[in-house]
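Please treat every number below as a calculation from the coordinates, not as lab data. Bear in mind that the values here come from a model prediction, so they are computed numbers and not experimental data. Note that each Cβ is placed from the backbone with ideal geometry, even for glycine, and that neighbours are counted across all protein chains shown.
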Amino acid sequence: MMEKDPLRLVLLSTSGGWGGLEMNLFRHARWMAKEGHIVRLLCVADSPLHKAAMAYIQGEEGKGLTLDCRTVRQSSKYFAVATAIHRATRLIRYRADWLWIRDPKDLDASALARRIVRLLGGKTQLLFQQGMQIPRPKKSPYHRFRFGAVDAWVSPLKWLKNQVNTRTSIRPEETHVIPLGLDDGWFEPRPAGAQYRRQCRLDLGLSQESFVITLVGRIDRKKGQTTLIRALAEMPPDAHVLIVGDPTLDEFSDYFDEVRQLVRQKELQWRVHFRPYMTFPRAAFVAADVVAVCSQQESVGSVTLEAMASGCAIMGTDAGGTAEILADGRGWTFPADDAETLATKLMELRNHAEIMPERIEAGKPYIAHHRRSEVVQLWNELLRTGSMKER
């Protein structure tokens, strides 16, 4: 039971997709409900988020939680006044303490709704949980109006918070860093010894003798699958690549065709292994000697965090969120799109496996801060007080 009265939280997404933004919003809705707060999830009817939420609420895990799901209309990114008025009336009716959003497309209508609520004497505050970077300055009058309604801006990494503070008008005291949390399953003890890895490789159809490099993520140009394949072509025959993920739906299969054509061109058909999307890809991580993160620019890099929680050696690009996660000796980095350097560094790990354990160990204290128990403590502090102590 909670020692204090529960908060009334409304988490909103008008997205019709099912990517990191939507999955993480749903994860936090579940976590906040488990903390005893009264949580209402607003999403588009029949969207993947709506279907996942309803399945959870109606299932065994959702029983007893103060979590429900209602539908909303999709809104335009730019000044949907009617949507904002409708949203404001719902917030007042729900007596919401916080409106929590993640998608920048939801910010305009939500910012206006928050202002309407205040004009009508409501108390709802607006929280934006950042999942994307801010590549250029946004300090125009329009952006000042937009960002001025945000009461708490939460970034998952320090480099993203620095972008917010330098490229927007949001005040530093309104920006906070709360790590992107992982579900408890990532921290559950796994079977010790080499037998578990052998079983994972057997299940995935991989050779026990190969040096396996795993890349997990949607098959998308920004994820850099072709960079890894070009690097593999420079490595000896015992090096194999496992690619886990599905093509990006709205780009048809052009890039996937390009990836497969490169595999054939380099005559790597027997050394590149494609497997479909996995909801919980721990087996793919455990099967690897090294996990590669080849994205051109990851805002956060949840795959990097999941690989670290799985106790993997990680080779990632030296840009964006990946660089911050792997800093201080927690992994290895290479320049994005540089297949030659990637091949050289992977060969070093292949030939000197004894250097891996030190960096794997260095990642353990860092990834521990991404446990649900630690993350929800920070969220509770922010949601109850509107501020956080510097850590």
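Taking 0.36 nm per residue of separation and subtracting the Cα-Cα distance, what length does fully extending Y277 through M54 add?
Result: 78.1 nm gained on full extension.
Using Cα pairs closer than 8 Å and at least 6 residues apart in sequence, work out the relative contact order for the range 184-368, in percent.
Once normalised by length, the contact order is 22 percent.
Would you mind checking which residues have amide H under 5 Å from C69's amide H? H placed 1.01 Å from N; only 5 or more apart, or other chain.
L41
Could you list which residues have their amide H under 5 Å from that of A239, counting only those 5 or more apart in sequence or on another chain, with H placed in the peptide plane?
Hits under the 5 Å cutoff: F211.
How high is the FRET efficiency from E209 to E61, r the C-beta distance, R0 56 Å, rounded to 0.05?
0.85
In what order do W379, W18, W270 fall by count of nearby beta-carbon atoms within 10 Å, going from fewest to most?
W270, W18, W379
What nm value, rounded to one decimal, do you get for the distance between Y142 and E361 when each label is placed 7 Å out toward the C-beta?
5.4 nm
Going by how many other beta carbons lie within 10 Å of each one, how would you line up M235, M132, M54, fewest first?
M132, M54, M235
What relative contact order, as a whole-number percentage, does the chain give when Cα pairs under 8 Å and 6 or more residues apart are counted?
12 percent
Taking R0 as 45 Å, what FRET efficiency do you get between S373 and Q265 from their Cβ-Cβ distance, rounded to the nearest 0.05?
Rounded to the nearest 0.05, the efficiency is 0.40.
How are the Cα pair distances of the chain distributed, in percent, across 10 Å bins from 0?
Bins of 10 Å from zero give 5, 22, 30, 24, 14, 5, 0 percent of pairs.
Considering Cα pairs under 8 angstrom that are at least six residues apart, work out the relative contact order of the range 1-131 and quote it in whole percent.
27 percent
Taking only the C-alpha atoms, wrap a convex hull around the range 184-368 and report its volume per residue in Å³ as a whole number.
Cα-based convex hull of the range 184-368, divided per residue, equals 111 Å³.
From the residues Q74, P104, I92, which one has its Cα farthest along the dipole of the range 47-131 in the positive direction, the dipole being from +1 and -1 charges on Cβ of Lys/Arg and Asp/Glu about the Cα centre?
Of the listed residues, the answer is I92.
Counting each DSSP H run of 4 or more residues in the chain as -39500 (n - 2.57), what helix-only mean residue ellipticity at 222 nm follows after dividing by all residues, to the nearest 500 deg cm²/dmol?
-12500 deg cm²/dmol
Roughly what angle does helix 20-34 make with the longest principal axis of the chain, taking Cα atoms, 0 to 90 degrees, to the nearest 10?
Taking Cα atoms only, the helix is inclined about 60 degrees.
If r is the Cβ-Cβ distance from D46 to E354 and R0 is 41 Å, what FRET efficiency results, to the nearest 0.05?
The calculated FRET efficiency here is 0.20.
Do any of K105/K345; K4/K63; K51/K266 go past 32 Å between their Cα atoms, and which?
K105/K345; K51/K266
Just grab the label-to-label distance for R198 and H86, each label 7 Å out from Cα along the Cβ direction, in nm (one decimal).
A separation of 6.0 nm, rounded to one decimal place.
Listing W159, W98 from the residue with the fewest other Cβ atoms within 10 Å to the one with the most, what is the order?
Fewest-to-most ranking of W159, W98: W159, W98.
Quick query: amide H of F334 versus all other amide H atoms, modeled in the peptide plane; which residues come in under 5 Å with a sequence gap of 5 or more or a different chain?
Correct list: G316, T317, D318.
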